Structures are given as structure tokens and as C-alpha cells.
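Trainee: Sharing a structure with you now.
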Amino acid sequence: MPDLPEKHDAKSLCGSNGRARTSLAEGNAATRTQKKYGMKKTTDTAADSRERAILVQVITPRQDPLEAEDSLQELARLADTAGAEVVGSITQRRQRPTAPFYVGAGKLADIQLACREAGANLVIFDNPLTPVQVNNLDMALGIKVIDRVELILQIFARRARSAEAQIQVELAQLEYLVSRIPVSVKQARFRGGIGMKGPGESPFQLRRDPMRRRIADLRMKLDAIGKRRQMARSKRRWPLICLVGYTNAGKSTLLNALAAADAYVDDRLFATLDTKTRMIRLPDGSDALLADTVGFIRNLPHGLVASFRSTLDVAVAADLLLVVADSFHPRFEDQLRVVRSTLEEIGAASVPSVLVLNKWDRGRTSQNAEALKAAHPDAVPISALNGEGLDRLMETVAEKLRHVVHSGYTHR
């Protein structure tokens, strides 16, 4: 996790001189939608340097200070995943956000100063911004301003590989963009760099009607994909086990460990988006399908959840969920609540599940381990990385599936 420099420390804000990673603007060739909506191609200059970002967070009285701190650290990891170099962070405590800029006038001046000192060309808010606030901030700061929602959308755009995932991301971006059609050149969105990969637009090329027609077309395509998948599920011969959990909890690593799969693994948020399904052999000799899904995160955009409905339906249609949790994370319980809440949102809360406490091999006190076991007595502690506890997990899965089939809860 990238460290956040102290506020207004000019030396720390300047960052290091190490080799820069490519920015989010570098990546796949332009999609048909990018061409249709006039997205400008990224120049070599933009692709050669890593964008420098200042993080901004407003903490309200209703927000837990520890949760706010964790959210800011998570935002830094999201920015790093998107290819930005975090060069500073600024927080403000307010009773309520201001209508024009979300932050107060004094804090806006602090952000301007920090951006100048750090040479930042991007400001990322941890809080959701309205289109008017984004426009006002763009004009006041003179640099690009995005919020957490837009950052997540752009990470998804960069990581989508399958045709289905790309359709889902494009739909989410267009639905987000349709309410943010610019009223001035300075408000133009999605032109290149962090937060700018996607449908693309310019003030003179975008109109709501063509975008809405494209949205309707994408929804029809996803509906067709969903119907084909439903037909395939009705013919499947084996029970389906689905891995769900917070992003970076180790789901792909567990899939690789249990099914000898080749799923991409990286210590970054949203390392994979596409569903992978593999056959596994259970201890009782029976076979089952094991599927990995996109990870969850706090404040996951509702539009993104809706757009990825066809992918997340694998969890709804599963016979058993393996809820993979990072047991070593200091906000473990909060992450688990986010996962449970998201499962409820997509209609999978009633699916039988097993809680998997991953990363059990990390250094922890015996008191902490006993407290976790006491709080979650039915959970299975494992280490997907070194194989610890996997035999017990497989036995638990086999026993749970027998109970599921016997009770009649099955989607086969």
C-alpha cells in the first residue's frame, strides 16, 4: 500500500525520481465507442509519465475516523492501481460539504498550494462529487479532478478483458457520463490519463440521445448474454461453487490453489474482472465447478453493480459461496460487512456460504487468532498462498454441498 505523504510537506509532496509507471491513458486500442464519441488519442508524452495525484477527503461527524483513515489508504491503493503516483493527501472535517466545491474556501486554497508545490496534475476526492462541483473544482484548480466513483470506473475500464466485461464497463461509464455532459471546454471528461479512459467525449460531440441509444443497445447485448448463460446453467451437470469477497482478499490465489488454474494474481485492487470457472475434485470423489468473480469494495458504484449484473449472477446461481476474507486486514469486519451488503444487493444473501479466513499464515498474536475463531466459529482458516488449511476447506465444502443437495437448495 502506498504511503501517503504528510500534508503540505513540500519535500514529501515532490515524490521520488524512480522510473515512472505508465499512466492509465496507456493501454488497449480504442474501442468502437471511444471512436464514436470522439475520444482523443493519447499522446506519447502523456503515456511516458506517471500522473501525480493529490488525494482529498472530507470527514463528516457521522463517519468513523478509523474507517475514514482506512478509506483514504484504500483510495491511495486505487490510485496506484490506476497508474498514478500519490504525492500528497489533504483531509478536512466539516459538519457538511459545501455546495460549490465540497470543501471550504480555505481548504480549497490549501489544495491549490499543495498542487503547485507537488507539481500535481490530478486531484482525486474520496467523496462523491456532483457534476457542478467537479466543474467548479476543475476551473478553480486548473487541473483534472475526479472522485472515487470515477476512479473505480476507469480501473474497471483498464482491467476488462473479455467482450462481456468490456460491454459492462462501457455501459457503466456511459450511464455515469450521461449526467455529466460538459457545459464548457474545461469540464470535458474522459480525454486521456487517469480517470479518462473510456467512452470519451468533447463538449461539441456528445448528446444525450445517441448515448442513451448506445446504452439501450448495450443493455440488450447483456440481456442476450444473460439468457445464454441461464440456458447453459440449466444444462450443467455439476454443483457450482462461487468465490466471492473483498477485492485483494486472495480469491484468484485460492482458485489457482484448488483448481491448478492460471488466474492472474497481483497485489493490487481489482487485479481481475473476468469470471473464471474450473473443475475441481472433492474429497468424496465427486466433481464440482469453482468460479471466481470480481471483488467487492466499499462505495462500489451502483451503476457498476447493475452493469456487472450478468457477471455477478454467477454468485446468485451458485449452490455454495466461499466468502474469502483477508483475516489479517485491520478492518476485516468492515470488509466482511461490505461483502455481505453487496451480496444482499445482488440477491445472493440467501445462498449457502462458508466463510474462508485467508492469509492465516500472516504474523498474528494467539489472542487475535482466538478472538477471530470465537467470533466466527464456523469459518475455515487457510492460507491460499502456502496451502495451509486447504484440505479442511475441501472437506467442509464437500460436506456443505451434500447438505445443500439433501435440503433441495440447488440451481442445477
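The values are calculated or read from the model by the stated rules, or taken from the named source; none is laboratory data. Keep in mind the model is a prediction, meaning the values are calculated, not measured. Heads up, the Cβs are rebuilt from the backbone with ideal geometry, glycines too, and the neighbour counts pull from every protein chain shown.
Trainee: Out of (1) at pLDDT 85 or above; (2) within 18 Å of the chain's Cα centre (by Cα), the odd one out for Leu320 is which?
Mentor: Here Leu320 clears every test but (2).
Trainee: Tell me, yes or no, whether region 402-411 has at least one residue that is surrounded by 16 or more Cβ atoms within 10 Å (Cβ to Cβ), at pLDDT below 95 and not in a loop (DSSP other than H, G, I, E, B).
Mentor: There is at least one residue in region 402-411 that is surrounded by 16 or more Cβ atoms within 10 Å (Cβ to Cβ), at pLDDT below 95 and not in a loop (DSSP other than H, G, I, E, B).
Trainee: Next question. Quick one: how many residues across region 348-363 are closer than 21 Å to Lys251 by Cβ and at pLDDT below 90?
Mentor: Within region 348-363, residues that are closer than 21 Å to Lys251 by Cβ and at pLDDT below 90 number 2.
Trainee: Also: What's the total number of residues in region 312-338 that are assigned to a helix (DSSP H, G or I) and within 23 Å of Ala68 (Cβ to Cβ)?
Mentor: Looking only at that region, the number is 7.
Trainee: Let me ask something additional. Among the residues of region 304-311, is there at least one that is in a loop (DSSP other than H, G, I, E, B), surrounded by fewer than 22 Cβ atoms within 10 Å (Cβ to Cβ) and charged (D, E, K, R)?
Mentor: No - not one qualifying residue is present in region 304-311.
Trainee: Give the residues of region 263-280 that are modelled with pLDDT of 70 or more and under 16 Å from Leu290 (Cα atoms), sorted by residue number.
Mentor: Thr275, Lys276, Thr277, Arg278, Met279, Ile280, listed by residue number.
Trainee: Okay, moving on. Being surrounded by fewer than 23 Cβ atoms within 10 Å (Cβ to Cβ) and either more than 26 Å from Leu304 (Cα to Cα) or in contact with a Pro (Cβ under 6 Å, 6 or more places away or on another chain) (or both) is true for just one of Thr98, Thr130. Which residue is that? Outline the logic, then answer.
Mentor: Details: Thr130 fails: either more than 26 Å from Leu304 (Cα to Cα) or in contact with a Pro (Cβ under 6 Å, 6 or more places away or on another chain) (or both).
Being surrounded by fewer than 23 Cβ atoms within 10 Å (Cβ to Cβ) and either more than 26 Å from Leu304 (Cα to Cα) or in contact with a Pro (Cβ under 6 Å, 6 or more places away or on another chain) (or both) holds for just one of Thr98, Thr130, which is Thr98.
Trainee: Could you tell me whether region 140-153 includes any residue that is out of contact with any helix residue (DSSP H, G or I) (no Cβ under 8 Å at 6 or more places or on another chain), modelled with pLDDT under 80 and assigned by TED's automatic domain parsing to the domain that holds Thr60?
Mentor: No, region 140-153 has no match at all.
Trainee: Still on this structure, please answer the following. Is region 253-262 home to any residue that is modelled with pLDDT of 90 or more and within 23 Å of Ser341 (Cβ to Cβ)?
Mentor: Yes - at least one qualifying residue is present in region 253-262.
Trainee: For Ile215, are the conditions met, namely being of a type in the set (A, V, I, L, M), part of a helix (DSSP H, G or I), farther than 19 Å from Leu300 by Cβ and at pLDDT 95 or above? If you could, list the steps in order and put the result at the bottom.
Mentor: On the way: of a type in the set (A, V, I, L, M): yes; part of a helix (DSSP H, G or I): yes; farther than 19 Å from Leu300 by Cβ: yes; at pLDDT 95 or above: no.
Judged against the criteria, Ile215 is not a match.
Trainee: Determine whether Ser341 is on the phi < 0 side of the Ramachandran plot, at pLDDT 90 or above, polar (S, T, N, Q) and assigned to a loop (DSSP other than H, G, I, E, B).
Mentor: no
Trainee: A follow-up question, please. Looking at (1) over 29 Å from Arg62 (Cβ atoms); (2) not in a helix (DSSP H, G or I), which is the one condition that is false for Arg158?
Mentor: (2)
Trainee: Also, I was wondering about something else. Condition first: in contact (Cβ under 8 Å) with a residue 12 or more places away in the chain and of a type outside the set (A, V, I, L, M). Now tell me which residues in region 345-355 satisfy that.
Mentor: Glu345, Gly347, Pro352, Ser353
Trainee: Then there is this: Determine whether Arg191 is basic (Lys, Arg), in a loop (DSSP other than H, G, I, E, B), over 29 Å from Gln133 (Cα atoms) and at pLDDT below 75.
Mentor: no
Trainee: Among the residues of region 356-401, count how many are surrounded by 14 or more Cβ atoms within 10 Å (Cβ to Cβ), of a type outside the set (A, V, I, L, M, F, W, C) and touching a residue at least 40 places away in the same chain (Cβ under 8 Å).
Mentor: So the answer is 6.
Results for (1) touching a Leu at 6+ places or on another chain (Cβ under 9 Å); (2) touching a residue at least 40 places away in the same chain (Cβ under 8 Å); (3) among the polar types (S, T, N, Q); (4) over 26 Å from Arg180 (Cα atoms), shown as yes or no for each residue.
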{"position": "Asp80", "(1), (2), (3), (4)": "yes, yes, no, no"}
{"position": "Leu108", "(1), (2), (3), (4)": "yes, no, no, no"}
{"position": "Gly119", "(1), (2), (3), (4)": "yes, yes, no, yes"}
{"position": "Ile124", "(1), (2), (3), (4)": "yes, yes, no, no"}
{"position": "Val134", "(1), (2), (3), (4)": "no, yes, no, no"}
{"position": "Leu141", "(1), (2), (3), (4)": "yes, no, no, no"}
{"position": "Arg148", "(1), (2), (3), (4)": "yes, yes, no, no"}
{"position": "Gln154", "(1), (2), (3), (4)": "yes, yes, yes, no"}
